[in-house]
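So the structure is just underneath, and the comments pick up after that.
The values are calculated or read from the model by the stated rules, or taken from the named source; none is laboratory data. Quick caveat, the model's predicted, so the values are computed rather than measured. So basically every Cβ, Gly included, is an ideal-geometry build from the backbone, and we count neighbours across all protein chains shown. SASA here: full protein model, heavy atoms, side chains in, ligands and nucleic acids out. Shrake-Rupley method; radii C 1.70, N 1.55, O 1.52, S 1.80 Å.
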Amino acid sequence: MGFRVFCCGFSFASSFVVVLLHSAVLILFLLVHHKAAAAASDQCDLFTGRWVPDKSYPLYDPAVCPFIEREFSCQKNGRPDLDYTQYRWKPLGCYLLRFDGQDFLERFRGKRIMFVGDSLSRNQWQSLTCMLHSALPNAKYNLTRQDDVSTFSFTDYGVEVMLDRNVYLVDVVREEMGRVLKLDSIEGGKLWKGMDMLIFNTWHWWNRRGPSQPWDYIQEGTTISKDMDRMLAFQKALATWARWVDLNIDPTKTSVFFQGISPSHYNGSQWNEPSAKSCVRQKQPLLGSTYPGGLPPAVGVLKSALTKVTIPVKLLDITNLSLLRKDGHPSLYGLAGMDCSHWCLAGVPDTWNQILYNLIL
């Protein structure tokens, strides 16, 4: 025999239905949120889209991040226009979730993140630390440096966001003959072990010559030469890096990303403005989704190298979206001279990190 108990005009059966309805609504909400995250990371090309004006940007006020280095501090260095800070990347066909600094830190509580690469890695590293700090300005942090490794620690969360300055990924070794770039050696990789997330990058130094070139010879195996085709050297170094990743990374413990090729803007002919010889006085992005000058050849070399890695490596394919941002460089408002390679902060690297956030959801 069934029975019901009544109280205050409602039966327990009715209350049970209400609870079920509330639970169903909650589950539906969670499923929708999960679906949005899945669409952002797995079912959508986050790197094809366009830049749209958005007055809710930038994601932070760079003035609240006193640790941003001078070469990226365009506003502090006197850049008068601010329109370049108020654009949002809009992928075609899906939604890019806004960066949530507190959620990011909770996800990485007690973990270590390391950027490995040149000054473009430092650009992205400083962007991420500022995005996190501005989201939680009262959270305690420490900033330290030992040799080539800089560490930004959020002590309340036990999160370390690190930068290893390593411009070639492979080794440069000082020997009796001079400085040798060893294309098949990664002794420096010992610093990368044990990380929970790694974001690699190399390219901008491969074409350096003269006084700024930090090596005298190139070595592969027993073959030593004064120089070689730089794109081929880049390819060989990436092959060495790929082997290192396969031999040393446990994908169940470490997520691996590659930053991609960050572009420069020194030739206006590539964006249909032949009179422009640099990025100076560029104040808005290119419209549309395609860069007139096409992608740099290094992108193809990198993508080919990534196909040879057997463990999962996600490419932060930031080249095209960054090519559209001829307005985002320091130009005259950087460290010295004309800088159309690095990026102002706040600015384009914040979008790289916003995409990174979407890819880990």
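General observations
- Subset of region 118-153 (residues that are more than 22 Å from Leu191 (Cβ to Cβ), in a loop (DSSP other than H, G, I, E, B) and open to solvent by 40 Å² or more (accessible area, probe 1.4 Å)): Pro137, Asn138, Lys140
- As for region 28-50, it holds at least one residue that is more than 30 Å from Tyr141 (Cβ to Cβ), at pLDDT 95 or above and not in a loop (DSSP other than H, G, I, E, B).
- Annotation note: Cβ proximity below 7 Å between a residue of region 305-323 that is closer than 22 Å to Trp271 by Cβ and a residue that is among the polar types (S, T, N, Q) and not in a loop (DSSP other than H, G, I, E, B) (sequence gap 6+ or interchain) occurs for Leu321/Thr351.
- Selection within region 104-117 - part of a helix (DSSP H, G or I), in contact (Cβ under 8 Å) with a residue 60 or more places away in the chain and either open to solvent by less than 60 Å² (accessible area, probe 1.4 Å) or touching a Lys or Arg at 6+ places or on another chain (Cβ under 6 Å) (or both): Phe104
- Residue count, region 159-169 (criterion: assigned to a loop (DSSP other than H, G, I, E, B) and either of a type outside the set (A, V, I, L, M) or farther than 17 Å from Phe257 by Cβ (or both)): 3
- Among the residues of region 249-262, those identified as part of a loop (DSSP other than H, G, I, E, B) and open to solvent by 30 Å² or more (accessible area, probe 1.4 Å) are Asp250, Pro251, Thr252, Lys253.
- Taken as a whole, region 339-352 holds at least one residue that is of a type outside the set (Asp, Glu), more than 19 Å from Pro62 (Cα to Cα) and over 14 Å from the mean Cα position of the chain (by Cα).
- Within the option set Asp184, Asp156, being closer than 23 Å to Ile360 by Cα, open to solvent by 70 Å² or more (accessible area, probe 1.4 Å) and not in a strand (DSSP E or B) holds for one residue only, Asp156.
- Within region 213-247, the only residue that satisfies the criterion of being closer than 14 Å to Glu175 by Cβ and of a type in the set (D, E, K, R) is Asp216.
- Here region 208-248 is the region considered, the condition is being more than 23 Å from Ser304 (Cβ to Cβ) and of a type in the set (Val, Ile, Thr), and the residue that is surrounded by the fewest Cβ atoms within 10 Å (Cβ to Cβ) is Thr222.
- A Cβ distance below 8 Å, combined with a sequence gap of six or more or placement on separate chains, defines the contacts here; from region 126-144, residues that are over 15 Å from Asp156 (Cα atoms) and without any contact (Cβ under 8 Å) to a residue 60 or more places away in the chain reach no residue that is assigned to a loop (DSSP other than H, G, I, E, B) and open to solvent by 20 Å² or more (accessible area, probe 1.4 Å).
- When region 57-85 is filtered for residues that are closer than 16 Å to Thr351 by Cα and surrounded by fewer than 20 Cβ atoms within 10 Å (Cβ to Cβ), the ones remaining, listed by number, are Tyr57, Asp61, Asp83.
- Meeting the requirement of 2 or more residues that are in contact with an Asp or Glu (Cβ under 8 Å, 6 or more places away or on another chain) and open to solvent by less than 50 Å² (accessible area, probe 1.4 Å), no helices (runs of 4 or more DSSP H) wholly within region 263-361 can be named.
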